[in-house]
Amino acid sequence: MELKSLPLFPLGSVLFPEGELPLRIFEVRYLDMVGKCIQAGAPFGLVSLTQGSEVRTPNGQEAFAHVGTLATITQHQSPQPGLKIIHCVGAQRFRIERTERLKHGLWIADVSHITPDMAVSIPPEMAACSDALRHVMTTLAKASESQAAPVSNPTQRWSDCAWVANRWCELLPIPLALKQKMLELENPLIRLELVNDILEKLKLV
């Protein structure tokens, strides 16, 4: 399935399916984009920056990964003029087929959807990944009173390779390029195996 003229939001982060991300929007190009998305009930595409900064500069050049995630706005508020605070949830991954930069600096793209991860049960030898994640998320949830906390996902699937691997990718202090590589992997079991290797090196499992 293809999606035409999807507005893009290049950021120094990676959004995984079912992941949660709060954002403060103040650039005109993104205020306009977010306003239209809210009005239409439509998503935008979040892609990770490979060059440039999140805030547009006169001489800055932006480059970004060609695989991203649809972001659905679930909460929004405007505490003052020129500022929107939104809360997003990751939906389906996509691959960019064509990009265009509009006059006011907003990127749009024609994209094709990437097939969602298959449901794969976690093998017994990696069950510790799930157990450790449950402990970490429970601890974080108790420490935070914010409803927008990144651990508040209501559809927790502790036995699913993709869900557990994705939540670890959000939490672990790993380079952006590695998170992007994890997002692009088509096999959720391989993604979890890589996460398990990192956890073992960090002595978290």
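The values are calculated or read from the model by the stated rules, or taken from the named source; none is laboratory data. Quantities reported herein were computed from a predicted structural model and do not represent experimental measurements. Cβ sites come from the backbone with ideal geometry, for glycine too, and all protein chains shown count toward neighbours.
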Requested in this report: Hey, could you check region 79-109 for residues that are within 17 Å of the chain's Cα centre (by Cα) and small (Gly, Ala, Ser) and say which is surrounded by the most Cβ atoms within 10 Å (Cβ to Cβ)?
Outcome: Gly90
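Among the candidates Val164, Val195, single out the residue that is closer than 17 Å to Val89 by Cα, at pLDDT 95 or above and of a type in the set (Val, Ile, Thr).
The match here is Val164.
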Report task. Six or more apart or on different chains, Cβ under 9 Å: which pairs go from a residue in region 179-199 that's outside any loop (DSSP other than H, G, I, E, B) to one that's of a type in the set (Ser, Thr, Tyr)? Could you list them? Result -> Lys179/Ser13; Lys179/Ser48; Gln180/Ser48; Gln180/Thr50; Leu183/Ser48; Leu183/Thr69
Query raised in the report: Does region 63-77 include one or more residues that are surrounded by 13 or more Cβ atoms within 10 Å (Cβ to Cβ), touching a strand residue (DSSP E or B) at 6+ places or on another chain (Cβ under 6 Å) and not in a strand (DSSP E or B)?
Result: yes
Report summary line: Subset of region 30-43, residues in contact with a Lys or Arg (Cβ under 9 Å, 6 or more places away or on another chain) and either within 23 Å of Lys179 (Cβ to Cβ) or free of Cβ contacts under 8 Å to residues at least 24 places away in the same chain (or both), comes to Tyr30, Ala42
Query - Inter-residue pairs, beta-carbon under 6 Å, first among the β-branched types (Val, Ile, Thr) and in region 13-29, second surrounded by fewer than 17 Cβ atoms within 10 Å (Cβ to Cβ), 6+ apart - result: Ile25/Leu31
